[in-house]
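All remarks here apply to the structure that follows.
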């Protein structure tokens with residue numbers, strides 16, 4: 001059964017930035033888009049690049065390895081070479097804690 005798990009605090013992820021978190025054996029990229037937090041798989045579906053290390057423009061992250069683009073709010077592919085989306089996870093803020101549902 002899915003449950004929310006604390007992964008970071010709001011002070012750990014600045015607006016426009018990302019942070020890699022490990023939750024129950026999953027590498028997840030956590031993004032702060034203007035104070036709204038979003039979480040997707042950290043592994044690019046093209047060649048496995050770390051999305052948490054990519055550049056963020058609005059709600060789109062660019063994989064640092066080959067330039068694939070993903071929407072951080074849904075995990076959908078926004079630009080090649082990736083063809084498959086990444087999983088996205090519900091997030092919530094509880095006080096200053098950021099929680100991800102896994």
Item to check | Test: residue in the range 40-48 that is surrounded by 14 or more Cβ atoms within 10 Å (Cβ to Cβ), over 13 Å from the mean Cα position of the chain (by Cα), touching a residue at least 12 places away in the same chain (Cβ under 8 Å) and not in a helix (DSSP H, G or I) | outcome: yes
Checklist entry - Just a yes or no: is a residue in the range 20-27 more than 19 Å from residue 94 (Cα to Cα), in contact (Cβ under 8 Å) with a residue 60 or more places away in the chain and in a strand (DSSP E or B)? => result yes
Next on the checklist: Kindly evaluate residue 100 against the criterion of being surrounded by fewer than 21 Cβ atoms within 10 Å (Cβ to Cβ), in contact (Cβ under 8 Å) with a residue 40 or more places away in the chain, in a strand (DSSP E or B) and touching a strand residue (DSSP E or B) at 6+ places or on another chain (Cβ under 8 Å).
Outcome noted: no
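Within the range 57-68, how many residues turn out to be surrounded by 19 or more Cβ atoms within 10 Å (Cβ to Cβ) and touching a strand residue (DSSP E or B) at 6+ places or on another chain (Cβ under 6 Å)?
Looking only at the range 57-68, we keep the residues that are surrounded by 19 or more Cβ atoms within 10 Å (Cβ to Cβ), and these are 61-63, 68.
The next check asks that each one be touching a strand residue (DSSP E or B) at 6+ places or on another chain (Cβ under 6 Å); those that pass are 61-62.
Residues meeting the conditions: 2.
Here, each number is a calculation from the coordinates, and none is a lab measurement. Just so we're clear, the structure is a prediction, and the values are computed from it rather than from any experiment. Here Cβ is always computed from backbone atoms with ideal geometry, including for glycine, and neighbour counts include all displayed protein chains.
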